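Colleague: Input: one structure, supplied below.
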């Protein structure tokens, strides 16, 4: 696992002796030690080594939700000594995710499993030898049928557990996260795998993961606008018979409900998109089992019919919008806040009302959410707020906000790339074989 002598034999990337498998605990730790400099951010090595196992224990990653993979040399020459360590030529991680999709022929929304690929890494002494490319080519094939592999392993484990009285840690009558998600798959195959390239748009595309939209809007946290601040907006809206604004934080008590409401809207959007474009539409389901998220819900209530006195016999017209965000710190977070970013993971406009939301109410709700995000960014010493791939409707709200911003088309970092395994996959470059990624926002990233 350590550095090799200069004259050491390096297997060819096409060698049949190379295998894709899972690392031991010691091999995982060694990988973390080596990639700490790239992904550790402001954390020292000891803290980073504590964080990685913790992340693997969170609800989304637990029970096999996250898996670690390595490419290694399994030739006999590498196993002659009983205590000799394997050479880990490349490594990565996958996270199991729920996917929603509608085929280009229309119909109902279907559910399946997808896999996010992250932390692709090659040890320094092995770079330039195409080991990562070999690992990814094999992984792309393996992940397609991995749901069935997991199902068989789980079934075998349960059978052996019943024989010897063991259990998987679930309480009687309770399903683990892994069991629940495996049952949600409609077939024995995955729907897709996705990754977010930090080395441009060509490498992973050539391996079968074509790129998707990679734009974002950046708001400097020092941004000021001609609009009054949040406190002023709330004070003004408190006046009788005026449009009112209320804010509520996103937290663990309401995140699950918000995700359920968001998913309902995404499902409707997928159906509509597939019918209108005759193209397959898919999205990652918004899940609430994340380790740390925050955000804000803005609700704007309009006087009924613009009347001076509210009509108690008519329902109030409400416009609601919410955002969920998280923060990311650079290596020198304390001394250089410009490298710290608050990411809006997901921005949702509530479209469940019976009537279209008033344009002014939408703008007020958006302004309140955006200023709340900017306030949080300043509190956390983040230099900017990023929102990925805003829709045309959101772009209009951005323009109307009066907040300084710039649009960025990323060419190198966090390039969404996706390999589609599901129906209507791109068998060639014809327009009708296209698959459209709906809600391509930061919440999908891993």
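The values are calculated or read from the model by the stated rules, or taken from the named source; none is laboratory data. This is a predicted model, so every value here is computed, not measured. Backbone-built Cβ (ideal geometry, glycine too); neighbour counts: all protein chains shown.
Colleague: Checking residue 288 against (1) in a strand (DSSP E or B); (2) at pLDDT below 95: exactly one of these is not met. Which one?
Modeller: Failed condition: (1).
Colleague: Looking at 347, 342, 387, 364, can you tell me which residue is under 27 Å from residue 263 (Cα atoms) and not in a strand (DSSP E or B)?
Modeller: On inspection, the qualifying residue turns out to be 364.
Colleague: Scan the stretch 400-419 residue by residue and report those that are in contact with a strand residue (DSSP E or B) (Cβ under 8 Å, 6 or more places away or on another chain), surrounded by 16 or more Cβ atoms within 10 Å (Cβ to Cβ) and not in a loop (DSSP other than H, G, I, E, B).
Modeller: If the condition is that a residue be in contact with a strand residue (DSSP E or B) (Cβ under 8 Å, 6 or more places away or on another chain), surrounded by 16 or more Cβ atoms within 10 Å (Cβ to Cβ) and not in a loop (DSSP other than H, G, I, E, B), then 415, 416, 417, 418, 419 are the ones that fit.
Colleague: Give me a count of the residues in the stretch 66-87 that are more than 17 Å from the chain's Cα centre (by Cα), outside any loop (DSSP other than H, G, I, E, B) and at pLDDT 85 or above.
Modeller: Within the stretch 66-87, residues that are more than 17 Å from the chain's Cα centre (by Cα), outside any loop (DSSP other than H, G, I, E, B) and at pLDDT 85 or above number 6.
Colleague: Are any of the residues in the stretch 329-339 surrounded by fewer than 22 Cβ atoms within 10 Å (Cβ to Cβ) and either part of a strand (DSSP E or B) or outside the structural domain of residue 219 (by TED's automatic domain parsing) (or both)?
Modeller: Looking for residues that are surrounded by fewer than 22 Cβ atoms within 10 Å (Cβ to Cβ) and either part of a strand (DSSP E or B) or outside the structural domain of residue 219 (by TED's automatic domain parsing) (or both), one finds none in the stretch 329-339, hence no.
Colleague: Mind telling me which of the residues 259, 231 ends up being at pLDDT below 90 and in a helix (DSSP H, G or I)?
Modeller: 231
Colleague: Condition test on residue 200, is it outside any strand (DSSP E or B), out of contact with any helix residue (DSSP H, G or I) (no Cβ under 6 Å at 6 or more places or on another chain) and either at pLDDT 85 or above or outside the structural domain of residue 95 (by TED's automatic domain parsing) (or both)?
Modeller: For residue 200, the condition - outside any strand (DSSP E or B), out of contact with any helix residue (DSSP H, G or I) (no Cβ under 6 Å at 6 or more places or on another chain) and either at pLDDT 85 or above or outside the structural domain of residue 95 (by TED's automatic domain parsing) (or both) - is met.
Colleague: Another question, if that's okay. Please determine, by comparing only the residues of the stretch 376-394 that are in contact (Cβ under 8 Å) with a residue 40 or more places away in the chain and more than 18 Å from residue 340 (Cα to Cα), which one is farthest from the chain's Cα centre (by Cα).
Modeller: 393
Quick grid of which residues meet (1) at pLDDT 90 or above; (2) surrounded by fewer than 20 Cβ atoms within 10 Å (Cβ to Cβ); (3) touching a helix residue (DSSP H, G or I) at 6+ places or on another chain (Cβ under 9 Å); (4) under 30 Å from residue 273 (Cβ atoms):
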position	(1), (2), (3), (4)
29	yes, yes, yes, no
64	no, yes, yes, no
89	yes, no, yes, no
95	yes, yes, no, yes
118	yes, yes, no, yes
135	yes, no, no, no
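Colleague: Hey, any hits in the stretch 142-165 for a residue that's in a loop (DSSP other than H, G, I, E, B) and modelled with pLDDT of 60 or more?
Modeller: So far as the stretch 142-165 goes, yes, one or more of its residues are in a loop (DSSP other than H, G, I, E, B) and modelled with pLDDT of 60 or more.
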